[in-house]
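Here the structure is laid out as structure tokens; the discussion comes afterwards.
The values are calculated or read from the model by the stated rules, or taken from the named source; none is laboratory data. Model, not experiment: these values are computed from the prediction. All Cβ positions, glycine included, derive from the backbone under ideal geometry; neighbour counts span all protein chains shown.
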């Protein structure tokens, strides 16, 4: 890391057709955690987000409400910003595509591209997706529907300007091949190459005449600039880019962007159209584009029309800002879609936040106050059981950093909570309440509690990018300050004389019962439709337990690999399930819940090698997150796990 190295990070700007749901808000929450972490490491971070405000949908919604399009987007942009601000985002700039400086530069960019021959005038006749405001070819459709939103397109015909995409296609292919990390995750890169670039790019429609709510083409005012050319350029106009060459200081400092954080449904626009526009402008490409997955609800895509949505402010009202941030960052996987329900959020809050973290801090601060008068110091009374905790704390910084460099926020939090769990284990190992009863053990007691305060301070400091308010509260209770990056892998030394004075314990996260949550929701929104909860549960259960019907073309999407069972235990809430811990060759343990308890004892399975479906969408089964499925033969009354002992973990099964 080069201290103060510029790091420009952006989110996709939110479309202002209405209030964003939690899936829309996850985009900037992920970006915010990355931005905060980079600042902690010493980078000079500039974080931009904002709203995308032109287009046909907004024109239609404004008309339906009897207001002008500008009045409509002023209202909805404020709603979006309020949801973002609620989530404690640390952005440096909030751009709106109706900002005067942006609109002026979009006109100049369009004219420049036209004058240099990249844009030409013709007419369009084909398919158009209203939801995505995107033109499509027959070859791009999936079962006759838009590949991004799944809705059927409609025929469209109008005069338009087009961008010659094919002029830059090979150059983009070469760039992607020579920069393997440009598109993340790898599955998005493969999709872009195989589905769009390699088959050949069609010229792109970049203006519309059938709508008026957009940036006018100044030399042909019956046309407005197509929303994607308008929206994508926000990443440079927000930095003060001017295509006449008089760029602002921010642009010189921060472009090219280090990272665009976007939803997977708009990967095509950000990894094909946007890089080609930049090539045409003679600008360097962003270093990386991360197309993160979606949050599903009850096994289906969130949809306002289907009433299948959760909103950030509703979740925050029940659980608090940092708890919702934690769930988003912990449960949104790197590649496959995650799932969100009230039940799942409550389970995470009660388990990880209240039981593991909150209980740890409360116990530690209470014991320092009760046994040591509120002051902790290192007395040198060390013991062998200290070493594992201290090593865990010292290694935590670099483990979390490695996962964040890979954009794996969920894995970064797993590493961080491993430290908090180790602290809880250390309490059980050292039994401070027993030491407190023996006057001869006072020096040892002080060192034990010092080790806890010291290790929790490391964890709380690292927690700050993910849960800033919780981090601040923990450090305040411990009477400590957030540690600088270069001190996070070191042990502090609170001398015996003076020591470290803690505060009074506070409840970090409140445990809640589901009945309490349901009651609060019913008071706010009224009772749910009869049977709705049971139908949703049955749908999700069928998705988890059912066997997918696939054709031969899709078989390659199933990732089968060998894994070694390293641990196995019963799941208390189920007579059917066993919790398996697997080594699949990746270096990260994988947990799988398998319904084989009637046929196998846990000890019978350890060290056997099995076949696991490794890219199955994670699911919660009786409180355990199952990250795959092992293969077994089901003969009705008899089930036999398929063992492949002798084959190395990680080996592919084809």
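Checked against the criteria, residue 416 counts as farther than 22 Å from residue 377 by Cβ and crowded, with 19+ Cβ neighbours inside 10 Å. Filtered by the rule that a residue be without any contact (Cβ under 8 Å) to a residue 60 or more places away in the chain and farther than 25 Å from residue 573 by Cα, segment 613-652 gives 635, 642, 643, 645, 646. Taken as a whole, the condition of being touching a helix residue (DSSP H, G or I) at 6+ places or on another chain (Cβ under 7 Å), buried (at least 22 other Cβ atoms within 10 Å of the Cβ) and assigned to a loop (DSSP other than H, G, I, E, B) does not apply to residue 228.
Residue 8 passes every criterion in (1) touching a residue at least 40 places away in the same chain (Cβ under 8 Å); (2) touching a helix residue (DSSP H, G or I) at 6+ places or on another chain (Cβ under 9 Å); (3) assigned to a helix (DSSP H, G or I); (4) closer than 30 Å to residue 217 by Cβ apart from (3).
When residue 403 is tested against the conditions (1) touching a helix residue (DSSP H, G or I) at 6+ places or on another chain (Cβ under 8 Å); (2) in contact (Cβ under 8 Å) with a residue 60 or more places away in the chain; (3) more than 20 Å from residue 378 (Cα to Cα), the lone failure is (2). The sole residue among 633, 593 that is in contact with a strand residue (DSSP E or B) (Cβ under 7 Å, 6 or more places away or on another chain), crowded, with 18+ Cβ neighbours inside 10 Å and at negative phi is 593. Selection over segment 87-128 of residues that are within 17 Å of residue 226 (Cβ to Cβ) and touching a residue at least 40 places away in the same chain (Cβ under 8 Å) gives a count of 20.
Checked against the criterion of being at pLDDT below 95 and part of a loop (DSSP other than H, G, I, E, B), the candidates 126, 117, 150 yield just one match: 150.
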